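Q: Sharing a structure with you now.
The values are calculated or read from the model by the stated rules, or taken from the named source; none is laboratory data. A quick note: this is a predicted structure, and the numbers were derived from the prediction, not measured. Cβ coordinates were reconstructed from backbone atoms using ideal geometry, including for glycine residues, and neighbour counts include every protein chain displayed.
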Amino acid sequence: MAMFEPGHLHIERHALNAEDVSYNVCLDYEVSNNAQGERGIQFTLHGSIQDKEFSEPFFLPRAEAYNFASNVTNIAEKYGIPKDKIAIASSHKHYDMVFEDIREKLDMKSGDPVDLEKFE
């Protein structure tokens, strides 16, 4: 299950058997500036994985903000969600909504320069 509202994405998955993984995570985000004054998005991924609470913030400058899904995947794996259990594919339309919301919040347009070396 996934739910989106501007600035917030909630994804929940319940284990189907003993080998499966349960998680209930939220991605909150807002326009912010980092310590160097770069405008971008401050994200916080938080919730629970296998009933263990976690919270991890990260900042992406404007030119890298579209790469948030990579950061989310890496954090989810760090806290115990196997790569094959991350529901990005099933939440694809919700990720698209986050992309569009970020685009609006940062006034990004097609053709804006992007530093591809910073993307994984």
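Q: Just need a number here: residues in the range 31-62 that are more than 21 Å from Met97 (Cβ to Cβ) and outside any strand (DSSP E or B).
A: Qualifying residue count, the range 31-62: 7.
Q: Could you list, ordered by first residue, the pairs with Cβ atoms under 6 Å in which the first is in the range 5-33 and closer than 15 Å to Ile75 by Cβ and the second is among the hydroxyl-bearing types (Ser, Thr, Tyr) and in a strand (DSSP E or B), at least 6 apart or interchain?
A: Once the first residue is closer than 15 Å to Ile75 by Cβ and sits in the range 5-33, its partners that are among the hydroxyl-bearing types (Ser, Thr, Tyr) and in a strand (DSSP E or B) give Asn24/Ser48; Asp28/Thr44.
Q: List pairs: first residue in the range 71-82 and acidic (Asp, Glu), second residue not in a loop (DSSP other than H, G, I, E, B) anywhere in the structure, Cβ distance under 8 angstrom, at least six positions apart or on different chains.
A: Short answer, once both residue conditions are applied: Glu77/Lys83.
For (1) surrounded by 14 or more Cβ atoms within 10 Å (Cβ to Cβ); (2) out of contact with any Lys or Arg (no Cβ under 9 Å at 6 or more places or on another chain); (3) modelled with pLDDT of 95 or more, each residue gets a yes or a no:
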residue	(1), (2), (3)
Gly47	yes, yes, yes
Asp51	no, yes, no
Val72	yes, yes, no
Ile75	yes, yes, no
Tyr79	yes, no, no
